[in-house]
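Trainee: Let me give you the structure first, and then I'll get to my questions.
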Amino acid sequence: MSELILQLEQVTKSFGESKVLDGIDLSVYSGEFITLLGSSGCGKTTTLRIISGLESPDSGRVLLEGKDVTWEEPNKRDVNTVFQNYALFPHMTVEENIGYSLRLKKRKKPEIWEEVQKALTLVQLEGYEHRMPHELSGGQRQRVAIARAVVNRPRILLLDEPLGALDLQLRRQMQSELKRLQKQLGITFIYITHDQEEALNMSDRVAVMRDGRFEQIGSPDEIYNTPKTSFVAGFVGSANILQGRVEYAEGDKVCLRHPQGVVWARNLGAPVISGQTVTLAVHSEQVNIEKNSQGYAAAGLLGRVREKTLAGGMLRIMVELGNGEELTVSRCGISTDPEPGDTVLLDWNTQDAVLIDLGEATA
Amino acid sequence: MKGRTGLRGRAAALALLPIYFTALVFVVGPLAYMLALSFLSRAETWGVELTFTVRNYLGILAPVYLQTFRQSLRLAFLCTTLIALIGYPFGYFMARLPQKWRRILSFFLVIPIWTSSLMRLYGWIIIFRAGGVLDSLLMKTGVVQQSLKLLYTYPAVVTGMVYVLLPFMIYSVYASAEKMDWNLVEAARDLGAGKMQAFFTITFRLTMPGLLSGVVLTFIPSMGLFFVADILGGNKVVLVGSVIQEQLMKAHNWPFAAAFSVVLMILTSLLIYLYRRITKVRDLEGLV
């Protein structure tokens, strides 16, 4: 990550009454793969359209390589888009589709042919140049859309849920291909998805969006392991979220009293004082579970196993705490122990749980 | 098994019979009748004589009739061009309006069709005639000093023709513009096309079928709408359609009228074929 390539400064956008973007700031660095992650309607597509110039903001600025392009036409920006529905030109062959931007630039025919061939090789579609879009499968259309967008070697490639229409297997395959492509071309990718797995898998940085704002921007590791808000914790990896009262803090370690026991968590945000009610997040795979027949423990939470389900090779154990709250514990593979109805003790390593919804640390 | 599929095939054929029958009676029959008629000779007084002849076709080669064809084609070209120039933008912008406005506009386009086009053409007489609405308006505002005497002139016929046929163009352009995926225009803009470039490389190409079917729907009638030429052109503008009507109704020369119709049909089919070859458009929106 070196120089800044794109900056959004206090960008707002409303459609009629509804505010879609509520003053967002974003800095994108040259060569990085950044993902805007959020559910539908959170403003991620609008953000992308403002970057590409297909939409203009109500206020705020868009800087491309330091230059203000807020009011620049889309065709004047060195940014290309892979559209969600591919938007291939139905009356042109694959070759004509890919070569479209080069023809607009009045490049010479043999040169265009060569570039198109290179792009086809890049997306592994050699030999398809004379096909029409309607003769291609969804995955192939996807590849043509990518080739068409990168043939121009834009500074930034915008991808609007490009894998949304593909089946799971193809999506996985395309994920790694896109990643390879990005490395190979060295183009900055701004990627949109609502699939957290996809976001964590591919990106250098993830920006979690909600209601026209960024909730948290950070590396996949940061987003996953140290979410800052309950929204991020719930949206990414669907962590368990619990509330408790602070007993005491020891550096960044905080001891919490929960109605069902005592637990520990890390605090990376603003300092807390004892007696304060705080929220913690802990991923289901980091929760230890063991049978407890005494019905008492010095630390951890006591509960009863409600049900066990197996999905996608993951065993999920739902544990109901005494106060009705429910926690999920997950494990790889099938285990027989414990069984529904058993009383269990849940706990975790202090560094695996984080306090959330505290705001930034003022250090 | 084999018997069953055979039966089903026969049942299907049986079910389609009414369609074949209708086509036979109302399309193939009249065409065959007309074609046969065009090779027969005219009876001395009234009707047709059953003797084979090509004289009717040779008759068309007479300079006066060739002149009619030429004049008719020229008028049709002019009218179709004007209709396309007005109708294409109209249909295009109509498709880009919000749903509510589209419906209102379509409604207003349909209203005139509820009355006979003959009636509406008489309306144009009131506008065009010496001292009529147009004249008095222009003279009052001082644009012209004396009557333009527009009625029974070539421009009057062209105006009438454009007026009668314009809705067909608007609707066929609208139909294909409405189906446009405007995402494609955004994609083109994103890839570096200016507004005009995006229009001509994407939108225009994709609405071409609508434009072409509009051309077909207006070109062919503008060769034959004799009543427009009659009402607004007096006897000065003679169309192929006028000749056919005259031969049929006044001269009672049915075989000659039939031959004229056959030639007109061949000519227009040829034009459509050429147009499709040139533009490489396979489907004419809702037509072929």
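Trainee: Long-range amide H contacts for A:VAL354: which residues qualify at under 5 Å (H placed 1.01 Å from N, peptide plane, sequence gap of 5 or more or a different chain)?
Mentor: A:ARG266, A:ALA281
Trainee: Averaging sequence separations of C-alpha pairs under 8 Å and six or more residues apart, then dividing by the length of the stretch B:182-288, give the relative contact order as a whole percent.
Mentor: Computed value for the stretch B:182-288: 25 percent relative contact order.
Trainee: Return one number: the angle in degrees, 0 to 90 and rounded to the nearest 10, between the long axis of the Cα atoms of helix A:138-150 and the longest principal axis of the Cα atoms of chain A.
Mentor: Between helix and principal axis, roughly 70 degrees.
Trainee: Another question, if that's okay. I'd like the antiparallel share, as a percent to the nearest 5, of DSSP beta bridges with both residues in the protein assembly as shown.
Mentor: 80 percent
Trainee: Can you tell which of B:GLN99, B:MET249, B:ALA187 lies farthest toward the positive end of the dipole of chain B, using +1 and -1 charges on the Cβ of basic and acidic side chains (Lys, Arg; Asp, Glu)?
Mentor: B:ALA187
Trainee: Roughly how far apart, in whole Å, are the Cα centres of the stretch A:291-346 and the stretch B:166-218?
Mentor: For the stretch A:291-346 versus the stretch B:166-218, the Cα centre distance is 62 Å.
Trainee: In a GNM of chain B with a 10 Å cut-off on Cα contacts, which of B:LEU148, B:LEU16, B:LEU50 has the highest mean-square fluctuation?
Mentor: Between B:LEU148, B:LEU16, B:LEU50, it is B:LEU16 that shows the largest mean-square fluctuation.
Trainee: Moving on to the next point. If you take the alpha carbon radius of gyration of chain B and divide it by 2.2 N^0.38 Å, what ratio comes out, to two decimals?
Mentor: With N residues counted in chain B, Rg over 2.2 N^0.38 Å equals 1.26.
Trainee: How shielded is A:83-90 by partner chains, expressed as the average number of their Cβ atoms within 10 Å of its Cβ atoms?
Mentor: Counting other chains' Cβ atoms within 10 Å and averaging over A:83-90 gives 5.
Trainee: Identify, among B:VAL263, B:LEU134, B:LEU151, the residue whose Cα sits farthest towards the positive end of the charge dipole of the stretch B:65-279, taking +1 on the Cβ of Lys and Arg and -1 on the Cβ of Asp and Glu, with the dipole about the Cα centre.
Mentor: B:LEU134
Trainee: Please work out whether the protein assembly as shown counts as rounded, prolate or oblate from its C-alpha gyration tensor, where a ≥ b ≥ c are the square roots of the eigenvalues and a/c under 1.5 means rounded, while otherwise a/b larger than b/c means prolate and anything else oblate? Mind showing how you got there, number by number?
Mentor: Working: a/c = 2.99, a/b = 2.41, b/c = 1.24.
Prolate shape, in that a/c is at least 1.5 and a/b is the bigger ratio.
Trainee: What is the angle, in °, between the Cα long axis of helix A:109-122 and the longest principal axis of the Cα atoms in chain A? Nearest 10 is fine, range 0 to 90.
Mentor: Value to nearest ten degrees: 20.
Trainee: For A:TRP113, what is the net charge nearby, where nearby means another residue's Cβ is under 12 Å from its Cβ and Lys, Arg count +1, Asp, Glu -1?
Mentor: -1
Trainee: Enumerate the amide H contacts of A:VAL82 below 5 Å, restricted to partners 5 or more residues apart or on another chain; note that Pro and chain-start residues carry no placed amide H.
Mentor: A:LEU158, A:LEU159, A:ASP160
Trainee: How big is the dipole moment of the protein assembly as shown about its Cα centre under a simple scheme where the beta carbon of each Lys and Arg is +1, that of each Asp and Glu is -1, and everything else is neutral? Debye, nearest 20, please.
Mentor: Using only the charged Cβ atoms, the result is roughly 3680 debye.
Trainee: Let me ask something additional. Tell me the net charge near A:VAL20. Cut-off is 14 Å between Cβ atoms, A:VAL20 excluded, with +1 for each Lys or Arg and -1 for each Asp or Glu. Please list the in-between numbers first.
Mentor: Details: positive: A:LYS13, A:LYS19, A:LYS44, A:ARG49, A:ARG210, A:ARG213; negative: A:GLU17, A:ASP22, A:GLU55, A:ASP58, A:ASP211.
In short, +1.
Trainee: May I have the count of lysine pairs in the stretch B:65-279 with C-alpha atoms under 24 Å apart, counting pairs 8 or more residues apart or located on different chains?
Mentor: Lysine pairs satisfying the spacing and distance rule in the stretch B:65-279 number 5.
Trainee: Over what distance in Å are the Cα centres of the stretch A:55-91 and the stretch B:56-119 separated?
Mentor: 41 Å
Trainee: Given R₀ = 51 Å, FRET efficiency for B:ILE127-B:LEU17 by Cβ-Cβ distance, to 0.05?
Mentor: Working: r = 51 Å, r/R0 = 1.01.
Calculated value: 0.50.
Trainee: Assuming R0 = 41 Å, can you tell me the calculated FRET efficiency for the pair A:GLU326 and A:ARG172, based on Cβ-Cβ distance, to the nearest 0.05?
Mentor: Details: r = 31 Å, r/R0 = 0.75.
FRET efficiency, A:GLU326 to A:ARG172: 0.85.
Trainee: Right, next: Taking the Cα centre of each part, how many Å lie between the stretch A:254-273 and the stretch A:132-185?
Mentor: 45 Å
Trainee: Enumerate the calculated ³J(HN,Hα) couplings along the stretch A:42-50 in order (Karplus 6.51 cos²θ - 1.76 cosθ + 1.60, θ = phi - 60°), each rounded to whole Hz, writing x wherever the residue is Gly or Pro.
Mentor: 3J(HN,Hα) across the stretch A:42-50, in whole Hz: 8, x, 6, 5, 4, 4, 4, 5, 6.
Trainee: So, one more: Among the lysines, which fall within straight-line cross-link reach of A:LYS118, defined as a Cα-Cα distance under 19 Å, with same-chain neighbours fewer than 8 residues apart omitted?
Mentor: A:LYS105, A:LYS106, A:LYS108, A:LYS109, A:LYS179, A:LYS183
Trainee: Rounding to the nearest 20 debye, state how big the charge dipole of chain B is about its Cα centre with +1 on each Lys and Arg Cβ and -1 on each Asp and Glu Cβ. Intermediate values should be presented prior to the final figure.
Mentor: Working: 26 positive and 11 negative charges, 127 e Å.
Dipole magnitude for chain B comes out near 600 debye.
Trainee: A follow-up question, please. Place +1 on the Cβ of every Lys and Arg and -1 on the Cβ of every Asp and Glu in the protein assembly as shown, take the dipole about the Cα centre, and give the residue among B:GLY224, A:GLY300, B:THR80 whose Cα lies farthest towards its positive end.
Mentor: Checking the options against the dipole of the protein assembly as shown, the answer is B:GLY224.
Trainee: Please compute the net charge surrounding A:GLY218, taking Lys and Arg as +1 and Asp and Glu as -1 over other residues with Cβ under 9 Å from its Cβ.
Mentor: Cβ neighbours under 9 Å give a net charge of 0.
Trainee: While we're here: Once both labels are modelled 7 Å past Cα along the beta-carbon direction, what's the B:ASP181-B:ILE113 spacing in nm?
Mentor: Result for the modelled spin labels: 2.9 nm.
Trainee: Sort A:86-96, B:63-73 by the packing proxy (mean of other Cβ within 10 Å over each peptide's residues), most packed first.
Mentor: Going by the mean number of other Cβ atoms within 10 Å, highest first, we get A:86-96, B:63-73.
Trainee: Where both partners of a DSSP beta bridge lie in the stretch A:4-229, what percent of those bridges are antiparallel, to the nearest 5?
Mentor: 55 percent
Trainee: Would you work out the relative contact order for the stretch A:232-356, in percent, from Cα pairs under 8 angstrom that are 6 or more residues apart?
Mentor: On the way: 296 pairs, mean separation 36.7, N = 125.
Worked out over the stretch A:232-356, it gives 29 percent.
Trainee: So what does the Cα-only Debye profile of the stretch A:4-229 read at q = 0.12, 0.15 Å⁻¹, as log10 I(q)/I(0), no solvent term?
Mentor: Calculated log10 I(q)/I(0) at the listed q: -0.65, -1.00.
Trainee: From the phi angles alone, apply the Karplus equation (6.51, -1.76, 1.60; θ = phi - 60°) to the stretch B:135-152 and give each ³J(HN,Hα) in whole Hz, x where the residue is Gly or Pro.
Mentor: My calculation for the stretch B:135-152 gives 4, 5, 5, 5, 6, 5, 7, x, 6, 10, 8, 9, 4, 7, 6, 7, 5, 6 Hz in order.
Trainee: Can I ask one more? So, with +1 on the Cβ of K and R and -1 on the Cβ of D and E, and no other charges, what is the size of the charge dipole of the stretch A:4-229 about its Cα centre, to the nearest 20 debye?
Mentor: 640 debye
Trainee: Which of A:CYS42, A:CYS332, A:CYS255 moves the most in a Gaussian network model of chain A with Cα springs under 10 Å?
Mentor: Sorting by GNM fluctuation, first place goes to A:CYS332.
Trainee: Please give every one of the aspartates and glutamates within straight-line cross-link reach of A:LYS291, meaning a C-alpha to C-alpha distance under 15 Å, and leave out same-chain neighbours fewer than 8 residues apart.
Mentor: A:GLU307, A:GLU320, A:ASP337, A:GLU339, A:ASP342, A:ASP347
Trainee: Here's another thing I want to ask about it. Counting only C-alpha contacts under 8 Å and six or more residues apart, can you give the relative contact order of the stretch B:65-279 as a whole percent?
Mentor: Averaging sequence separation for qualifying contacts and normalising by length gives 27 percent for the stretch B:65-279.
Trainee: Residue by residue through the stretch A:9-23, which ³J(HN,Hα) values in whole Hz follow from phi under the Karplus form 6.51 cos²θ - 1.76 cosθ + 1.60 (θ = phi - 60°), with glycine and proline marked x?
Mentor: Values per residue, Gly and Pro as x: 10, 6, 7, 10, 7, 10, 10, x, 7, 8, 7, 8, 10, 10, x Hz.
Laboratory data are not the source of any read-out in this text; all were calculated from the coordinates shown. Here the structure is a predicted model, which means the values were calculated and not measured. Cβ sites come from the backbone with ideal geometry, for glycine too, and all protein chains shown count toward neighbours.
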